[in-house]
Amino acid sequence: MTPTRRRRLYLVLGILAGASLAAALAFSAFRKDVTFFHTPSEIAAGKVQSGQSFRLGGMVKTGSFARAPGSIESHFVVTDFAHEVPVSYAKVLPDLFREGAGVVAHGHMDARGTFVADEVLAKHDEKYMPPAVARSLQHGEARTGLKSGGS
Amino acid sequence: MLPELGLFALILALLLAALQAFFGIAGPALGRDRWLAALPMAVAGQAVMVATAVGCLVAAFVGNDFSVRYVAENSNTALPLFYRVTALWGAHEGSLLLWILLLALWTVAVAASATRLPPRFAARVLGVLGLISAGFLLFTLATSNPFLRLDPAAPDGRDLNPILQDPGLAVHPPILYTGYVGFAVAFAFACAAMIEGRMDQQWARWTRPWTTLAWAFLTCGIALGSFWAYYELGWGGYWFWDPVENASFMPWLAGTALIHSLAVTDKRGLFKSWTLLLAILAFSLSMLGTFLVRSGVLVSVHSFAADPSRGIFILGFLILTIGSALTLYAWRAPLLKSGAGFEFTAREAFLLFNNLLLVTAAATVFAGTLAPLIADTLGLGTLSVGPPYFNPTFMVSMLPLLALLPVGVHAAWKRGHLGEKARLLLYTLAAALVLACGFVFGLYRGGRVLTVIGLTLGIWIIASSLIEPLQRWRRGLSLSRAVLGMSVAHIGIGLLAIALTTVQSYTTERDVALAPGGSSAVGGYEFRLEQLQPVEGANFSGVQATVTVLRNGQAVAVMNPQKRRFWVQQQVTSETSIRMLRGANVLIALGDDLGQGRWSLRIQIRPLVSLIWLAALVMAIGAVLAAADRRYRTARAAAGAPLPAAAQEVA
């Protein structure tokens with residue numbers, strides 16, 4: 001091997017080592033820090049342990065929004081039209097938050113089955129519906145259709 | 001009639017773009033030099049046609065022509081004139097038209113300076129640009145025609161999305177897109193070099209100013225977007241690692257790597273294939289950005305209405321462009337020979353690490369942005385990747401990058417010896433550490449190790465970037481714009497490191513419920529809600545709060561956040577009130593009427609957050625200075641005269 005080639009070999013090996021280190025770090029960060037996104041149906045199916053942080057996506061159920069007068073804490077129900085999850089939130093709600101619109105909340109389930117949110121995001125677009133909700137909506141309809149057909 | 005004229009102009013532009021691509025690429029390949037003479041006309045004609053189309057759409061907006069669907073969906077008679085013009089890029093169709101217009105303008109600029117390039121090379125560059133333009137025009141005509149009529153015409157428009165009715169967002173897309181599209185020029189230069197199978201230091205000298213200029217625009221565009229998100233979305237954050245933000249950040253990272261790799265190719269004739277690959281990468285990521293934002297495949301807070309057929313078209317176009325560029329690369333890159341080697345302490349080695357770290361950073365952002373999409377497609381569940389992933393992984397590649405910067409800038413080419421500067425670097429590092437500690441423990445009374453590291457690196461980068469200009473100035477030596485620009489841009493990086501570290505470490509945020517007369521203490525200030533009054537605007541009505549800010553019992557500011565309801569779309573927006581107090585941004589957003597006369601307010605104190613956007617501006621100014629270096633102009637002038645076309649064909 002010529003010196004140039006040897007140097008190039010070292011360089012390539014160095015780059016490979018660096019890249020694999022970076023990949024390993026990224027992968028471990030992924031395992032640790034990726035938050036899962038769940039719909040009310042998945043929560044009802046027991047896919048989420050209490051205390052675990054995750055993102056809840058769905059539509060705000062019409063007529064479910066409530067707030068004790070004068071208190072910053074608000075309560076509402078997130079639904080994917082098959083199952084529902086009550087949510088509580090003690091911060092300022094985003095401007096686009098409204099009943100019947102899509103919402104994504106970050107937080108955890110408490111012991112009583114309420115989702116305690118620490119962040120609530122609403123969408124820029126009023127027609128927007130989280131894709132997972134749109135899908136579970138179709139599933140939900142299919143399932144209820146089957147049920148009514150069977151019983 | 002005007003909309004039809006606009007559509008007709010777009011079709012003509014497509015034909016001219018196709019001609020430009022054909023003449024530019026086939027002409028030199030077949031040795032038909034006479035075809036090249038038609039190129040300037042095709043370029044100019046295309047620009048005129050695209051400008052006509054844009055003009056027709058603007059006229060429809062200004063004249064409230066609601067028989068045009070795009071106008072009816074994005075404007076309203078009550079909308080102020082300024083926003084009726086900027087509503088042009090308020091949604092998908094118009095943004096695409098804007099993209100095409102900017103590409104046409106870049107192409108005109110390239111064609112205007114092409115007289116200084118070898119004619120066949122210039123023709124190939126223009127040919128590749130024509131191909132890209134034709135692709136985007138075809139996309140617009142096939143899936144997103146902005147001139148579609150509405151029959152019967154709407155009595156009034158649905159109005160522009162209220163959050164877009166803001167001067168910041170009105171100018172953000174054009175500047176961001178100018179940056180995105182500017183990378184098409186670097187891409188075209190790379191493709192032309194690969195087609196010719198020839199790439200020398202002169203090539204890098206032609207490509208550098210274009211790339212640097214595009215990068216400056218992209219930097220400003222991203223900063224404006226971040227600024228807008230900060231004050232308009234009402235959340236008070238400056239960066240959310242949202243897919244749409246990442247979409248603009250990935251080409252920025254790749255473009256930054258490209259600028260540095262081009263420097264090595266220019267000065268030392270090295271990293272040639274790597275530079276080509278980065279040029280392809282930067283533009284591919286720009287196009288991917290368009291795909292991500294416009295196809296709606298990702299769950300994004302920014303995602304606007306999307307149409308799957310468009311996504312498939314962009315994806316196909318993306319695969320075609322990147323695929324053919326990479327095929328060309330695999331075929332032609334082995335022809336390019338790099339010059340001699342270098343030592344591991346030379347500046348080349350530092351720039352190599354710079355490139356590796358930047359590309360790694362781009363890769364981690366890419367992985368985080370696309371992971372939800374991939375996991376969803378493979379049925380692994382629905383993920384959401386946010387700051388807990390992005391912040392640490394990004395820092396892993398950025399901290400070494402910042403630490404290597406001061407040394408790399410002063411390392412000599414080829415043989416790395418720092419000479420007398422080694423001592424200076426050590427002194428500045430020590431001084432930076434002392435300053436950072438003073439800042440953390442003196443001013444802020446405590447902080448984390450990471451805060452000290454971030455501040456030290458930021459101060460060190462600024463101090464070390466001043467060494468070279470100051471030494472030259474003291475010795476009465478001239479300072480080239482390239483070196484000055486580099487120093488200024490690096491000072492911008494240092495400022496950014498300081499700003500980000502401070503904001504991340506010392507932000508105070510609280511949501512409070514107050515009735516008029518009530519007050520709340522946040523971060524050393526007392527916030528007293530005085531009163532709430534109704535307000536009226538041109539196309540909205542709302543509520544305005546008056547909040548007095550007190551420090552040690554003395555009023556230091558009166559702030560007026562608003563809550564607006566826009567009549568047409570019945571959409572509510574928060575007009576945050578922001579005041580700079582003692583170097584920190586105090587932000588108040590008005591929340592909701594909680595009942596019993598109480599309102600919710602979000603109060604946020606972010607020290608040095610304004611420095612983030614200022615730092616971006618400094619970086620962009622540095623880039624513009626560097627791009628204006630005399631060397632590039634004389635290099636081009638020299639290249640034009642003595643190299644006959646025949647000599648170019650030998651390779």
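By its C-alpha gyration tensor, with a ≥ b ≥ c as the square roots of the eigenvalues, how is segment B:370-410 shaped: rounded for a/c under 1.5, else prolate for a/b larger than b/c, else oblate?
Here segment B:370-410 falls in the prolate category.
Ranked highest first by average number of other Cβ atoms within 10 Å, how do B:21-29, B:424-432 line up?
Listed from highest to lowest mean packing, they are B:21-29, B:424-432.
So how exposed is A:K47, as accessible area in Å² (1.4 Å probe, rounded to 10)?
130
With a 1.4 Å probe and all protein chains kept in place, how do B:S324, B:S505 rank by accessible area, largest first?
B:S324, B:S505
Can you compute the FRET efficiency between B:R474 and B:V108 using 1/(1 + (r/R0)^6), with r the Cβ-Cβ distance and R0 = 51 Å? Round to the nearest 0.05.
After rounding to 0.05, the efficiency reads 0.70.
What does the extension gain come out to for B:L373 and B:S67, with contour length at 0.36 nm per residue minus their alpha carbon separation?
106.4 nm
Which order, highest average first, do A:102-115, B:436-449, B:478-491 follow once you tally other Cβ atoms within 10 Å for each residue and take the mean per peptide?
Per-residue mean Cβ counts within 10 Å order the peptides as B:478-491, A:102-115, B:436-449.
Once the Cβ-Cβ distance between A:R6 and A:T114 is put in as r, and R0 is 60 Å, what FRET efficiency do you end up with, to the nearest 0.05?
With R0 = 60 Å, the Cβ-Cβ based efficiency is 0.40.
Multiply the residue separation of B:V535 and B:A555 by 0.36 nm, subtract the distance between their alpha-carbon atoms, and state the gained length in nm to one decimal.
4.8 nm
Name the residues whose placed amide hydrogens come within less than 5 Å of the amide hydrogen of B:M199, ignoring near sequence neighbours (fewer than 5 apart) on the same chain.
Correct list: empty.
In the P(r) worked out for segment B:1-160, what percent of Cα pairs fall beyond 19 Å?
In whole percent, the share of Cα-Cα pairs in segment B:1-160 beyond 19 Å is 54.
Using R₀ = 45 Å, calculate the FRET efficiency as 1/(1 + (r/R₀)^6) where r is the Cβ-Cβ separation of B:R116 and B:A403; round to 0.05.
The value I calculate is 0.65.
Contour minus end-to-end for B:R448 and B:L138, with contour as 0.36 nm per residue of separation and end-to-end as the Cα-Cα distance?
Computed gain between B:R448 and B:L138 is 106.2 nm.
With label points built 7 Å along Cα→Cβ from the Cα atoms of A:E99 and A:A66, find their separation and express it in nm.
1.2
At a 1.4 Å probe, what is the % contribution of carbon and sulfur to the accessible area of chain B?
Heavy-atom surface of chain B belonging to carbon and sulfur, 1.4 Å probe: 67 percent.
Within 10 Å of each Cβ of A:62-71, how many other protein chain Cβ atoms are there on average?
Taking all residues of A:62-71 together, the mean is 3.
Using amide H atoms built in the peptide plane, which far-off residues or other-chain residues are under 5 Å from B:V535 H to H?
B:G542, B:V543, B:Q544
Please provide three numbers in whole Å: the alpha-carbon extents of the protein assembly as shown along the principal axes, with the largest listed first.
83, 69, 57
Which whole number gives the average, over all residues in B:591-601, of C-beta atoms from other chains lying within 10 Å of the residue C-beta?
Counting Cβ atoms of other protein chains within 10 Å of each residue's Cβ and averaging gives 5.
Under a crude label model (7 Å from the Cα following the beta-carbon direction), how far is B:R510 from B:A37 in nanometres?
Modelled inter-label distance: 7.8 nm.
Let me have the 222 nm mean residue ellipticity of chain B computed from DSSP H runs of 4+ only, each contributing -39500 (n - 2.57), with the sum over all residues rounded to the nearest 500.
-22000 deg cm²/dmol
How do the peptides B:315-323, A:79-87, B:94-102 rank, highest first, by the average count of neighbouring beta carbon atoms within 10 Å per residue?
In decreasing order of mean packing, B:315-323, A:79-87, B:94-102 become B:94-102, A:79-87, B:315-323.
Average partner chain C-beta neighbours within 10 Å, per residue of B:364-374?
Average per residue, whole number: 2.
When the Kirkwood hydrodynamic radius is evaluated over all pairs of different C-alpha atoms of segment B:512-609, what value in angstrom, to one decimal, is obtained?
After inverting the pairwise mean of 1/r, the radius is 13.8 Å.
The values are calculated or read from the model by the stated rules, or taken from the named source; none is laboratory data. Computed from a predicted model, the values in this text were never measured in an experiment. Because the Cβ atoms are built from the backbone with ideal geometry, glycine has one as well, and the counts that use them run over all protein chains shown. Calculation scope for accessible area: heavy atoms of the full protein, side chains included, ligands and nucleic acids excluded. Shrake-Rupley method; radii C 1.70, N 1.55, O 1.52, S 1.80 Å.
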